[in-house]
Amino acid sequence: MNFFFHLGRYFLLLKQVFAKPEKSSIYFKRIVNEIEMLGINSIGIVIIISVFMGAVITLQTAYNTENPLIPMYLVGLTARDSMLLEFSSTIIGLILAGKVGSNIASEIGTMRVTEQIDALEIMGVNSASYLIFPKITALVIMFPFLTIISIFIGIIGGWLAAITTGALTSYDYIYGVHYVFVPFYVVYALIKSVIFGFIITSVSSYQGYYTTGGALEVGRSSTRAVVYSSILILIFNLILTQLLLA
């Protein structure tokens, strides 16, 4: 029953979030600020993780491909498809669930326990929409761009690993990256990134918005936001894979 209580309250919160805004210009400014806070400030960690993911995928595939009948250019193909289909959307989503999700939950949770949200409500402001809508919009906009950056950097990381270690030639890797390219894989990755961005922001905002107590409860809400967001990302990853690739 507790599950259905939180599920119903979550959808009621979303109804408040997507209500008509009082003043669109204020929301636009907040969306721009959230794009910088949630998206642009995450580019650094996305680049670092993507470089090493691409490098590890390339080296592991190259060192475990010892059969002479298997062409080495398949290493590049494996790195490309791994980044496209899974790592640049799902793994980056899990990383952002920890970085962005905990930040959102702690920010809104602190506002709740310090009665700042109550003050907004007293002034007649739709606090749910004012606080949460810009965050959802910002990450839904930025996550696809972060995914594209991750794909590009991951493939470059694999190429650098290949040529610096001598695991395979630059020609074989680049040929494999171009070999049998399926454009829909990019669309698939972007669809997942949009949904994951919505999950991270909405679930984390829900946990923060209904925080009760003090600083200790804010920390617990932040932890729950990361855990629940990560679980939902994995569940929806399975569902979307079955729906879009089956």
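The values are calculated or read from the model by the stated rules, or taken from the named source; none is laboratory data. Just so it is clear, the structure is predicted and the values come from calculations on it, not from any experiment. Cβ: placed from backbone, ideal geometry, glycine included. Neighbour counts: every protein chain shown.
When residues in the range 179-230 are screened for being closer than 20 Å to Gln16 by Cα and free of Cβ contacts under 8 Å to residues at least 24 places away in the same chain, 0 of them pass. With respect to the conditions (1) over 18 Å from Ser82 (Cβ atoms); (2) under 19 Å from the mean Cα position of the chain (by Cα); (3) hydrophobic (A, V, I, L, M, F, W, C), Ile233 lacks only one, and its number is (1).
If Phe5 satisfies all but one of (1) part of a helix (DSSP H, G or I); (2) in contact (Cβ under 8 Å) with a residue 60 or more places away in the chain, what's the number of the condition it fails? All conditions pass for Phe5, except number (2). Would it be correct to say that Leu120 is without any contact (Cβ under 8 Å) to a residue 24 or more places away in the chain and in contact with a Ser or Thr (Cβ under 9 Å, 6 or more places away or on another chain)? The answer is yes for Leu120.
Answer yes if at least one residue in the range 35-56 is surrounded by fewer than 18 Cβ atoms within 10 Å (Cβ to Cβ), at pLDDT below 90 and of a type in the set (D, E, K, R), and no otherwise. No, that holds for no residue.
Scanning the range 15-25 for residues that are part of a helix (DSSP H, G or I) and in contact (Cβ under 8 Å) with a residue 24 or more places away in the chain gives Gln16, Val17. Among residues belonging to the range 166-200 that are of a type in the set (Ser, Thr, Tyr) and over 23 Å from the mean Cα position of the chain (by Cα), point out the one that is surrounded by the most Cβ atoms within 10 Å (Cβ to Cβ). Here the residue is Tyr173. Of the residues contained in the range 170-178, none is found to be among the polar types (S, T, N, Q) and either touching a residue at least 60 places away in the same chain (Cβ under 8 Å) or assigned to a loop (DSSP other than H, G, I, E, B) (or both).
Among the residues here, Glu86 does not qualify as among the acidic types (Asp, Glu) and either touching a Pro at 6+ places or on another chain (Cβ under 8 Å) or part of a loop (DSSP other than H, G, I, E, B) (or both).
The set of residues from the range 19-45 being over 25 Å from the mean Cα position of the chain (by Cα) and among the acidic types (Asp, Glu) comprises just one member, Glu22. Scanning the range 201-210 finds one or more residues that are part of a loop (DSSP other than H, G, I, E, B) and surrounded by fewer than 24 Cβ atoms within 10 Å (Cβ to Cβ). The criterion of being at pLDDT 95 or above and either more than 15 Å from the chain's Cα centre (by Cα) or among the hydroxyl-bearing types (Ser, Thr, Tyr) (or both) does not hold for Ser221.
Taking the criterion of being surrounded by fewer than 22 Cβ atoms within 10 Å (Cβ to Cβ) and in contact (Cβ under 8 Å) with a residue 40 or more places away in the chain, the residues of the range 59-70 that qualify are Leu59, Tyr63.
Anything in the range 87-116 that is surrounded by fewer than 21 Cβ atoms within 10 Å (Cβ to Cβ), at pLDDT 90 or above and not polar (S, T, N, Q)? List them, or say none. Hits for the range 87-116 are Ile91, Leu94, Ile95, Gly98, Lys99, Glu107, Met111, Val113.
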